[in-house]
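> Got a structure for you, written out below as structure tokens; questions coming shortly.
The values are calculated or read from the model by the stated rules, or taken from the named source; none is laboratory data. For clarity, every value in this text was computed on a predicted model and none was experimentally measured. Neighbour counts run over all protein chains shown; Cβ positions are idealised from the backbone, glycine included. Each accessible area value is taken on the protein alone, full model and side chains, heavy atoms only, with ligands, DNA and RNA left out. Shrake-Rupley method; radii C 1.70, N 1.55, O 1.52, S 1.80 Å.
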Amino acid sequence: MHEYNPSSWWEQCYGLGMFSWHDLGPLICVEQRLNSTTYLSIVADQVHPIMLMAYPSGDGFFQQDNAPCHGAPIVQEWLQEHEGDFTLLRWPPQSPDLNLIEHLWDEVKRAIRQLVPQPSNLTELHSAIYQAWCQIPLITFQHLVESMPRRIAAVLKAKGGPTKY
């Protein structure tokens, strides 16, 4: 799951997206800046039930970066209370970006840049983001999942420094 901001002048439009090897998850549009309370509400009320459905034995992975709202005490407490429901991938400070969903956001951005005419308001932008998200081919996110061992090996080899990823 990760926050998406399509351009600096559309800062009030954020999306949270999820994916696994098997499928894209829902796209959750957030029409306000995320704070810890809003983020926790989304995770608890929307993400958690999806994780429980998709991974009933608790073998799913939940990845977030070091955005301030992700590390807030109320969020961390909730995650600890639900640690048996999924594995939280810890995100080390100043780490190279291994967040695979960034590549999916790039796909969405490219699709939106190619639209003629461009979205002219938030409603059109939300619709364009959703359509672009739904059109990402299965093979795209499967290749991303397959690339994770190579990415981790590259980060280890570079001792945390820059990699080709």
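> Checking GLU124 against (1) surrounded by 15 or more Cβ atoms within 10 Å (Cβ to Cβ); (2) acidic (Asp, Glu); (3) farther than 21 Å from LEU24 by Cα, only one condition comes out false. Which one?
Only one criterion is unmet by GLU124, namely (1).
> Give segment 71-102 a look and list any residue that's in a loop (DSSP other than H, G, I, E, B) and modelled with pLDDT of 90 or more, or say none.
Scanning segment 71-102 gives GLY71, ALA72, HIS82, GLU83, GLY84, ASP85, PHE86.
> Take the residues in segment 51-70 that are under 14 Å from the mean Cα position of the chain (by Cα) and of a type in the set (Phe, Trp, Tyr); name whichever of them is least open to solvent (accessible area, probe 1.4 Å).
So, considering only residues that are under 14 Å from the mean Cα position of the chain (by Cα) and of a type in the set (Phe, Trp, Tyr), the one least open to solvent (accessible area, probe 1.4 Å) is PHE62.
> Name the single residue, out of those in segment 147-165 being at negative phi and part of a loop (DSSP other than H, G, I, E, B), that is most open to solvent (accessible area, probe 1.4 Å). Write out each step before concluding.
Our first condition is that a residue be at negative phi; within segment 147-165, this holds for 147-158, 161-165.
Adding the requirement that they be part of a loop (DSSP other than H, G, I, E, B) leaves 158, 161-165.
Values: ALA158: 38, GLY161: 20, PRO162: 125, THR163: 42, LYS164: 176, TYR165: 74 Å².
Ranking the candidates gives LYS164 first.
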